[in-house]
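Okay, structure first, notes after.
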Amino acid sequence: MAKNLNVEQIPLIPELMPEKEIKRQRCGGCCWGVLAFLATILAAGGMLFRYTWHRGCWEKPQFTFQDWYTNCWPEPAAGLAGAHAALSVSWHVDADAPFLVSPFQQLFDHEDEDINTIPVPVAVAETRHSTSSESFAKAISASVGIEVGSKVYGFEAAAAVSANAVWSTSQNTFRQDTFVKAKKVRISRRSSHPHEHLTASARACLLEETPSTIVSRFGQFYPLSVTLGGVYQLTVMTEIKRSENSKDIAAKISGSFQRFAVKGKASLMGGAASTYSKDNRQYHLKMRVLGGESTQWLGLQADNVDKIQGQWVDSITEDNMYPVGVRLRPLWELLDHDDMDREKAQALKKYMNGSRVETLRA
């Protein structure tokens, strides 16, 4: 007698009892949208990291978020428009600048009524002779109001770098720098208490950060006054032997200055110094013009120096002026007040007098 078979127990007859199809759950539109959103966030984060990395935002991880943000996106030097901006910023030692200092980061927040503006439409020429980076640094630092040893604040290191840009040599050298300053306007602040005009972030940095961070972020100086216009600089370097007198070399250069100027214009656009041989002596020349339309000097010839200089002076406007003179004070003086931090001022002074700007030696 045949047993009763339960069809659920007989999986060997697929034709009679086909298995139920298993439907696979596929990712719908909502799921793909989430994935796309996450991918976009990751891509944006990667781009932001790369951008901030190249800006140097991650070089000092000990910063708070506010410090990190300020380091990455410093306050623009446009607290005042146009010429006034040069007075609202800190200044730092800069080997590429004619006077070894240049504007740096915004430090003050001024209103127009805080500023004295005096027209000074005059062109003056001056010549400096030096036989070492030390002597050049001393003369330049004194001219901007910082009358201290040349090594202090890094002036001597900057002078050495500027000399190497003209002629890199281990020989004893004579250097002559001729400056033509076309002055247009001098600006200064009315207040005798500059620290009262510090921006909020600058004040916080001076009071809370370490001396090394302060110098890294704001440099070494703040300006009392700035003269704007245009500056022409011709640097001539040559070897000086022990038996030679620097005054004799200076006289030879001055006697043929126009010829030296014409030979030096080749370095104006190319950047590299040019050479000129005369009387069995080789000279290394570098010319630069800042402010106004520097291309005017490309037309310089031995017989049109005065004409070219006049055209250049006429091309200087409020929109293309450059600092041609500045009176500076060390940054630590901003802290040396009862409502700031006199003890911190001395700590910053000690640091600035004892540490050098190593990047200038690179």
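The set of residues in region 110-144 being buried (at least 16 other Cβ atoms within 10 Å of the Cβ) and over 20 Å from Gln176 (Cα atoms) consists of His110, Asp114, Ile115.
Looking across region 212-231, just one residue is of a type in the set (A, V, I, L, M), farther than 14 Å from Thr117 by Cα and open to solvent by 10 Å² or more (accessible area, probe 1.4 Å), and that is Val215. Which one of these does Lys241 not meet: (1) in contact (Cβ under 8 Å) with a residue 40 or more places away in the chain; (2) touching a strand residue (DSSP E or B) at 6+ places or on another chain (Cβ under 9 Å)? Going through (1) in contact (Cβ under 8 Å) with a residue 40 or more places away in the chain; (2) touching a strand residue (DSSP E or B) at 6+ places or on another chain (Cβ under 9 Å) one by one, Lys241 breaks only (2). Residues in region 110-144 that are touching a residue at least 60 places away in the same chain (Cβ under 8 Å), more than 20 Å from the chain's Cα centre (by Cα) and in a loop (DSSP other than H, G, I, E, B): His110, Thr131.
Looking at Ser170, is it among the hydroxyl-bearing types (Ser, Thr, Tyr), outside any helix (DSSP H, G or I) and in contact with a Phe, Trp or Tyr (Cβ under 6 Å, 6 or more places away or on another chain)? Quick ask: steps written out before the conclusion?
Details: among the hydroxyl-bearing types (Ser, Thr, Tyr): yes; outside any helix (DSSP H, G or I): yes; in contact with a Phe, Trp or Tyr (Cβ under 6 Å, 6 or more places away or on another chain): no.
Criteria not met by Ser170.
Among the residues examined, Leu234 does not qualify as buried (at least 18 other Cβ atoms within 10 Å of the Cβ), under 26 Å from Ile115 (Cβ atoms) and not acidic (Asp, Glu).
One residue stands out in region 167-196 among those that are over 29 Å from Val122 (Cα atoms) and β-branched (Val, Ile, Thr): the one that is least open to solvent (accessible area, probe 1.4 Å), namely Thr173.
Tally up the residues in region 243-258 that are among the hydroxyl-bearing types (Ser, Thr, Tyr) and open to solvent by less than 30 Å² (accessible area, probe 1.4 Å), please.
Looking only at region 243-258, we keep the residues that are among the hydroxyl-bearing types (Ser, Thr, Tyr), and these are 243, 246, 254, 256.
Remaining after also requiring open to solvent by less than 30 Å² (accessible area, probe 1.4 Å): 256.
Of the residues in region 243-258, 1 are among the hydroxyl-bearing types (Ser, Thr, Tyr) and open to solvent by less than 30 Å² (accessible area, probe 1.4 Å).
Evaluate region 149-160: report whether one residue or more is polar (S, T, N, Q) and at pLDDT 95 or above. Talk me through it step by step, then tell me what you get.
First, pick out the residues of region 149-160 that are polar (S, T, N, Q): 150.
Those left that are additionally at pLDDT 95 or above: none.
Checked against the condition, which is being polar (S, T, N, Q) and at pLDDT 95 or above, region 149-160 yields no hits at all.
I'd like to know if region 81-92 contains one or more residues that are closer than 30 Å to Ala272 by Cβ, part of a loop (DSSP other than H, G, I, E, B) and open to solvent by 50 Å² or more (accessible area, probe 1.4 Å). No, there is no match, as no residue in region 81-92 is closer than 30 Å to Ala272 by Cβ, part of a loop (DSSP other than H, G, I, E, B) and open to solvent by 50 Å² or more (accessible area, probe 1.4 Å). Residue under question is Met352, and the condition is that it be under 28 Å from Ala158 (Cβ atoms), in contact with a Leu (Cβ under 8 Å, 6 or more places away or on another chain) and open to solvent by 30 Å² or more (accessible area, probe 1.4 Å); does it hold? Against the criterion (under 28 Å from Ala158 (Cβ atoms), in contact with a Leu (Cβ under 8 Å, 6 or more places away or on another chain) and open to solvent by 30 Å² or more (accessible area, probe 1.4 Å)), Met352 does not qualify.
The values are calculated or read from the model by the stated rules, or taken from the named source; none is laboratory data. Every value quoted in this text rests on a predicted model; they were computed, and no experiment measured them. Cβ sites come from the backbone with ideal geometry, for glycine too, and all protein chains shown count toward neighbours. Accessible surface is based on the protein model in full, side chains and every heavy atom, while ligands, DNA and RNA are left aside. Shrake-Rupley method; radii C 1.70, N 1.55, O 1.52, S 1.80 Å.
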